[in-house]
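Bear in mind that the values in this text are calculations on the coordinates, not laboratory data. Bear in mind the structure is a predicted one, so any value in this text is a computation, not a measurement. Cβ sites come from the backbone with ideal geometry, for glycine too, and all protein chains shown count toward neighbours.
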Ligand code: SIN
């Protein structure tokens, strides 16, 4: 009998598998497909203070090994999330969820964090300083250690629950940015968000995506995500939620060996909406195959000295 549970910032998760923000709505939409309580947790759709319609269409470009999105943080705004989405989620998911927060100013991040921190449905705040699809805010905060730290500091001052900062891979030194966030009080780091990319439509001789560029995610980015989780694990002493290209139980194990305590599944939910329960069901067998009795024991297990 293997043990798939992990402790994440004071929460005990039955398993480390978490659908990633932006690929799973507000969770309740998936309840007609399967019992959501099999999941470790759920990272909810990115939320801003005001409702956002998002970017013009087309917003998606398919690629080999993944896709590019430029959704532009479409969401109903924090008040509607609290009044409408969280009560719907509470009816079908009975574990602490992860609120994913985006913003265009430090004050906006802090205000949304305070509001969501007060909700009993929420166990962790994940602060997205890495959206590549908006012209101000988003990734602008996450590509500079000082700006990322300023957001982390303000959110920590506004909230009591654990705060994870979600980082962008579109940087030269991800470890320095993670360390600045931890110095500012962050309780954990999520990484990676999407890689900035683009496709050109040959007939129109123009970018496929209306916003020209977008964030590339999917199976192809797993090696980049693993490299960055590895680097951040060596640089900081807080838990990491690893994501980027995860699609199988073996990928979850690989992420944890690189240093992740929990593992988010993103683009694969768009390919296969049952990806998360299938990965969770496959985990015990994969653990047995690699001689793992307690999953928690392998966190960072590929770092030898
Ligand atoms: C988006 O809404 O554009 C995607 C969110 C993100 O990549 O952070």
Subset of the stretch 28-59 (residues that are part of a loop (DSSP other than H, G, I, E, B), more than 30 Å from residue 207 (Cα to Cα) and within 14 Å of the chain's Cα centre (by Cα)): 40, 41, 42
Unique residue being at negative phi and free of Cβ contacts under 8 Å to residues at least 12 places away in the same chain when the list is 219, 204: 204
Positions within the stretch 122-136 being more than 16 Å from the chain's Cα centre (by Cα) and either closer than 15 Å to residue 46 by Cα or buried (at least 20 other Cβ atoms within 10 Å of the Cβ) (or both), in sequence order: 134
Looking only at the stretch 36-60, and only at residues there that are touching a helix residue (DSSP H, G or I) at 6+ places or on another chain (Cβ under 8 Å) and farther than 23 Å from residue 102 by Cα, the one that is surrounded by the most Cβ atoms within 10 Å (Cβ to Cβ): 39
The one condition in (1) in contact with a helix residue (DSSP H, G or I) (Cβ under 6 Å, 6 or more places away or on another chain); (2) within 19 Å of residue 158 (Cβ to Cβ); (3) more than 14 Å from the ligand (Cβ to nearest atom); (4) in a loop (DSSP other than H, G, I, E, B) that residue 103 fails to fulfil: (3)
Where residue 17 falls short, out of the listed (1) away from the ligand (no atom under 16 Å from the Cβ); (2) closer than 21 Å to residue 239 by Cα; (3) out of contact with any helix residue (DSSP H, G or I) (no Cβ under 8 Å at 6 or more places or on another chain): (3)
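Here's the yes/no breakdown for (1) part of a strand (DSSP E or B); (2) within 14 Å of the chain's Cα centre (by Cα):
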residue	(1), (2)
181	no, no
185	no, no
209	no, no
225	no, yes
238	no, no
254	no, no
264	yes, yes
273	no, no
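Go through the residues of the stretch 64-86 one by one and say whether even a single one is assigned to a strand (DSSP E or B), under 20 Å from the mean Cα position of the chain (by Cα), surrounded by fewer than 20 Cβ atoms within 10 Å (Cβ to Cβ) and within 16 Å of the ligand (Cβ to nearest atom).
No, the stretch 64-86 has no match at all.
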Members of the stretch 116-175 found to be away from the ligand (no atom under 16 Å from the Cβ), out of contact with any strand residue (DSSP E or B) (no Cβ under 8 Å at 6 or more places or on another chain) and not in a loop (DSSP other than H, G, I, E, B), listed by number: 145, 146, 149, 150, 153, 154, 157, 158, 175
Residue list for the stretch 183-205, filter: surrounded by 20 or more Cβ atoms within 10 Å (Cβ to Cβ) and closer than 19 Å to residue 145 by Cβ: 184, 186, 187, 188, 189, 190, 191, 192, 193
Qualifying positions in the stretch 1-14 - part of a loop (DSSP other than H, G, I, E, B) and out of contact with any helix residue (DSSP H, G or I) (no Cβ under 9 Å at 6 or more places or on another chain): 9, 10
